[in-house]
Amino acid sequence: MSKIEISNDTRIIRHRTPARFSHWLLVICFFMTMFTGVAFFFPDFAWLTEILGTPQLARAIHPFTGIIMFVAFIFLGYLYWDHNIPEKNDIRWLKGMLEVLKGNEHAVAYNGKYNLGQKMLFWTLNLAMVTLLVTGIIM
C-alpha cells in the first residue's frame, strides 16, 4: 500500500481578494453609517458622532459612507448572484430541516456552495440594502 502525501501548500480558497476587500469595505462603512445614523435618530446616542470627530463631520460623512456601503454590497451581490439562485435540491434541504438542525446537513441534499437558509439570507439582505438606500435618499 502506497502512502499518499498531501502538501501543506494545497489550499482551498473560499473567497477571493476582491470579495474580501469589498466585504471589509462594506463592514467599515456599515458601522460608520450605523453609528452616525443612530446618533441622528436617537438624541441619547448623540455621543456616537464623536467617533468621527464632530457632529457636523458625522452629518457630512453619513450619506457618503451609506452610498459606498451600497456599492460594496452590490459588488458582492454580483459576485455571489449565481450561487444564490434557488434550485430543486433546496426543497429537499428544507424538508430535511430537522436533520440539518441535528448537524447532518450533508446527509440531506447537496446544495452547492450555499444552502437554502444562506440563499434566503442573501435575498433578504439585498432587499434590506435597497430599502436602506431608498429611505436614506427620502430622508
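The values are calculated or read from the model by the stated rules, or taken from the named source; none is laboratory data. Just so it is clear, the model here is predicted, and its values are computed rather than measured. Neighbour counts run over all protein chains shown; Cβ positions are idealised from the backbone, glycine included.
Summary table below
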{"item": "Leading residue by the ranking (farthest from LYS119 (Cα to Cα)) among those in region 46-84 that are loosely packed, with under 14 Cβ neighbours inside 10 Å and of a type in the set (Phe, Trp, Tyr)", "result": "TRP47"}
{"item": "Positions within region 85-110 being in a loop (DSSP other than H, G, I, E, B) and of a type in the set (Lys, Arg), in sequence order", "result": "LYS102"}
{"item": "Scan of region 101-138 for residues that are of a type in the set (D, E, K, R), surrounded by 13 or more Cβ atoms within 10 Å (Cβ to Cβ) and within 19 Å of the chain's Cα centre (by Cα), ordered by number", "result": "LYS119"}
{"item": "Selected residue (only one of ARG20, ARG59 is without any contact (Cβ under 8 Å) to a residue 12 or more places away in the chain and under 27 Å from LEU127 (Cα atoms))", "result": "ARG20"}
{"item": "Qualifying residue in region 124-134 (condition: in contact with a Leu (Cβ under 8 Å, 6 or more places away or on another chain) and either in the same structural domain as PRO63 (by TED's automatic domain parsing) or modelled with pLDDT of 85 or more (or both))", "result": "no"}
{"item": "Matching residues, region 62-102, being of a type in the set (Gly, Ala, Ser) and more than 30 Å from TRP24 (Cβ to Cβ)", "result": "GLY96"}
{"item": "One residue from PHE35, PHE31 being over 17 Å from ILE137 (Cα atoms), touching a residue at least 12 places away in the same chain (Cβ under 8 Å) and assigned to a helix (DSSP H, G or I)", "result": "PHE35"}
